[in-house]
DNA sequence: CGACATATTTCTACAGTGGAAATAAGTATC
DNA sequence: GATACTTATTTCCACTGTAGAAATATGTCG
């Protein structure tokens with residue numbers, strides 16, 4: 001397992017800016033970079049040359065330039081995505097899922113480990129084993145990112161992780177100590193949001209929101225190109241969002257809050273209570289599709305609630321896009337009509353239409369998000 | 001009436017940054033500016049000298065430096081606030097209120113005019129008269145800002161202003177043409193928000209929210225030091241915020257939305273309906289204070305609703321501060337307890353306490369806000 | 001093939017920066 | 001009151017990174 005990697009070209013602020021521009025905005029010509037960064041063409045030659053020589057960037061053939069014909073064709077620059085590799089891990093109360101990605105967060109390997117214990121020291125051992133296993137599959141690993149549901153401080157210390165019963169666990173430094181790989185730990189929803197921002201549906205947007213459905217309800221917000229976060233981030237405040245004044249009571253004494261209406265657990269519970277037998281989430285979605293009345297009703301209630309939440313987010317933060325993700329995102333397709341109903345209830349008809357998209361709902365998305373944490377740490381350096 | 005004013009020192013980006021730092025963060029020593037802007041002390045001498053020579057900045061005596069004793073005392077720099085004057089106007093369906101302020105948005109004169117017509121051409125004539133009248137009271141006017149309730153495009157064109165029945169009125173250029181004063185027009189809540197950001201309770205904060213109560217319910221949001229705004233801004237989307245599922249029906253068919261619960265008109269209406277006589281808003285607040293049951297109930301319902309709205313804003317946007325303003329802000333003191341109740345209903349007890357403050361509720365605040373639009377336009381120049 | 005259009009490179013003058021050292025202006029100590 | 005000390009500000013200089021002009025590269029079009 002090789003860990004060291006060529007350092008990101010930290011030379012000047014502008015060199016970094018150029019490299020970042022190429023990383024985020026794909027193959028792009030020098031002249032376009034110059035325009036985006038307000039630099040002269042001459043400066044761009046100066047800045048890009050050492051990046052190409054170092055092997056981080058390459059010139060590629062422009063090929064199909066449909067809109068332009070005349071003039072010297074540009075030689076777009078692109079990052080050599082495979083020149084660095086990163087590990088991303090998602091830690092839950094039961095298991096650790098992990099992927100290896102390249103610089104553009106493309107997944108090149110993955111693995112999984114069931115937790116045998118929730119004691120921090122034991123978990124760290126399993127994380128380290130998993131990291132070692134994955135590191136064998138590529139030349140070298142540059143950095144490791146871990147996403148975890150809970151309150152995380154300063155990219156390393158887990159202040160509280162309810163699913164693991166953790167309190168004040170310096171996970172980042174523990175893993176770093178055991179693996180030797182530079183490690184960054186952050187909240188899982190933040191990781192997911194950053195991944196969408198850099199390499200996902202929100203690429204290029206400066207203002208968007210993320211709502212994740214799964215075990216809990218997560219919320220991420222990017223405004224003016226930066227994630228919005230404070231010390232409370234990770235408590236899952238949006239899980240308390242009141243959706244149905246007559247809904248089930250949550251442990252905090254709230255009636256019908258988001259986590260009691262939108263989560264997979266809540267939906268399964270509601271249906272099971274009514275039909276008196278065990279079903280799983282996917283089955284419920286299927287039942288709703290074929291208009292089985294109980295499932296249909298529960299799904300529609302959730303859809304309407306989600307619509308109201310979407311509208312609330314849109315009304316307060318005006319995102320260009322809302323991304324719906326998480327394992328429970330299957331709801332969105334089945335409840336499409338009731339989501340629109342919910343939106344309509346809370347949104348001025350004169351306001352512009354709310355754009356939203358769903359992600360695949362694949363569990364690996366969380367790992368990819370964690371890998372993006374590592375990529376960002378590597379690329380942006382100490383802020 | 002003199003209009004021309006010494007131009008803001010637009011020389012270099014950094015010179016502007018220094019001037020802005022002094023404008024916003026009051027008397028401040030060169031060394032502190034250097035630290036804030038990440039510049040060397042030497043650079044600060046270079047940058048500040050021409051600003052002092054031009055008369056925009058002055059050295060003042062440091063006087064009481066309570067925390068430090070030894071070393072050469074600093075000579076803090078301050079802007080000569082009285083060196084420029086600005087007009088700020090708030091236009092409603094019935095009247096125009098206006099103030100003259102200095103560079104720090106301190107009010108030095110004010111005036112008022114009842115609108116004799118709502119026809120754009122006539123309104124512009126009255127605005128121009130008012131501007132001329134105010135301009136006589138100071139040496140010269142640098143710029144004019146107008147705040148208006150509605151959708152405004154590009155600092156000048158009013159796309160729609162329901163209270164005036166306007167549609168696509170190029171108010172900015174009309175006023176500029178008639179007065180010769182550089183004019184900027186924006187939404188009134190944005191103006192209010194910017195004023196709080198630059199010179200009000202949110203000075204120095206990078207993330208805060210504003211909720212205004214009055215004829216309508218307004219919402220302003222600043223995140224990462226920039227106002228959050230899109231093309232819909234000015235529609236008053238937060239006025240549709242659902243507060244009471246059993247509340248009065250609004251013209252858009254929403255039940256108990258914010259404007260039907262929180263506005264002065266809604267509160268007066270609710271009380272009058274119950275007691276069968278005419279009362280005004282201030283009387284109702286007084287009645288509630290002495291626990292008159294109808295007023296108490298209406299005020300408490302509004303308070304609880306406002307609390308829920310405050311909590312929603314806090315849950316989604318994590319502001320460092322929420323500022324409550326507008327003519328109807330008297331509600332906040334009288335309904336303090338029920339506001340806390342409303343917050344409690346929607347906020348995780350583990351989340352940190354929400355900070356909020358109220359402004360005076362003086363109508364002049366809107367004008368001051370409009371003046372800040374003019375100040376910003378002058379200081380920041382074309383962006 | 002020559003005219004044209006656009007991208008990229010080369011070259012140069014120069015503005016703006018950090019950093020060291022000097023200077024200024026106070027307090028603390030004896 | 002002299003001296004040491006502390007911090008703010010200024011002076012000065014070497015140097016980096018920039019824009020901008022001009023040259024060059026490389027394609028399309030007629």
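None of the figures in this text is laboratory data; all of them are computed from the coordinates on show. What you see is a predicted model; the values in this text were computed from it and never measured. Cβ atoms come from the backbone with ideal geometry, glycine included; neighbour counts cover every protein chain shown.
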* What is the mean number of Cβ atoms from other protein chains located within 10 Å of the Cβ atom of each residue in peptide B:348-355, rounded to a whole number? -> 4
* To do: Shortest first and in nm with one decimal, please list how far the residue B:36 label point sits from its counterparts in the other copies (point 7 Å along Cα→Cβ).
  => 3.2
* Could you give, in nm with one decimal, how far residue B:226 is from each other copy of that position, shortest first, with labels 7 Å out from Cα toward Cβ? -> 1.0
* Structure fact -> Stretched fully, the stretch from residue B:364 through residue B:167 gains (0.36 nm per residue minus C-alpha distance, one decimal, in nm) 68.3 nm
* Asked: Rounded to the nearest 500 deg cm²/dmol, what is the calculated helix-only ellipticity per residue at 222 nm for chain B, with -39500 (n - 2.57) per DSSP H run of length n ≥ 4?
  -> -12500 deg cm²/dmol
* Output the relative contact order of region A:204-358, whole-number percent, from Cα pairs under 8 angstrom with separation of 6+ residues. => 25
* Shielding of B:218-229 by partner chains, average beta-carbon count, 10 Å -> 3
* To do: Taking chain B as the reference, fit the longest principal axis to its C-alpha atoms, fit the long axis of helix B:264-275 to the helix C-alpha atoms, and give the angle between the two in degrees, 0 to 90, nearest 10.
  => 20
* Structure fact -> Given A:29-36, A:301-308, the highest-first ranking by average Cβ count within 10 Å works out to A:301-308, A:29-36
* Asked: What shape does region A:13-79 have by the C-alpha gyration tensor, where a ≥ b ≥ c are the square roots of the eigenvalues, rounded means a/c under 1.5, and otherwise prolate means a/b greater than b/c and oblate the rest?
  -> prolate
* Expected-Rg normalisation [2.2 N^0.38 Å, Cα atoms] applied to the protein assembly as shown -> 1.05
* In whole Å, how far is the Cα centre of region B:158-185 from that of region A:92-117? -> 58
* Looking at the square roots a ≥ b ≥ c of the eigenvalues of the Cα gyration tensor of region B:79-210, which shape do they give, rounded for a/c under 1.5, prolate if a/b is larger than b/c, or oblate? -> oblate
* To do: Return the whole-Å distance between the Cα centroid of region A:335-351 and the Cα centroid of region B:206-284.
  => 20
* Structure fact -> Expected integer from the mean partner chain Cβ neighbour count at 10 Å over B:241-252 is 2
* To do: Normalising by the residue count of chain A, find the relative contact order in percent from Cα pairs under 8 Å and 6+ residues apart.
  => 16
* On a 0 to 90° scale, report how tilted helix A:336-346 is relative to the longest principal axis of chain A, with both axes built from alpha carbons and the result rounded to the nearest 10. => 90
* What are the nm distances, shortest first, from residue A:75 to its equivalents in the other copies, labels at 7 Å along Cα→Cβ? -> 5.5
* **Neighbour-count ranking [beta-carbon atoms within 10 angstrom, fewest first] of B:129, A:282** => A:282, B:129
* To do: Would you mind ranking B:260, B:287 so that the residue whose beta carbon has the fewest other beta carbons within 10 Å leads the list?
  => B:287, B:260
* Roughly what angle does helix B:41-53 make with the longest principal axis of chain B, taking Cα atoms, 0 to 90 degrees, to the nearest 10? -> 80
* To do: Could you give the C-alpha radius of gyration of chain A expressed as a fraction of 2.2 N^0.38 Å, taking N as the number of residues it contains?
  => 1.07
* Assuming R0 = 51 Å, can you tell me the calculated FRET efficiency for the pair residue B:225 and residue A:278, based on Cβ-Cβ distance, to the nearest 0.05? => 0.45
* Where does each of B:194, A:53, A:341 land when they are ranked from fewest to most other beta-carbon atoms within 10 angstrom? -> A:53, A:341, B:194
* Asked: Roughly what % of DSSP beta bridges within chain A run antiparallel, to the nearest 5?
  -> 60
* Round to the nearest 0.05 the FRET efficiency obtained for residue B:129 and residue B:46 when R0 = 60 Å and r is the Cβ-Cβ distance. => 0.85
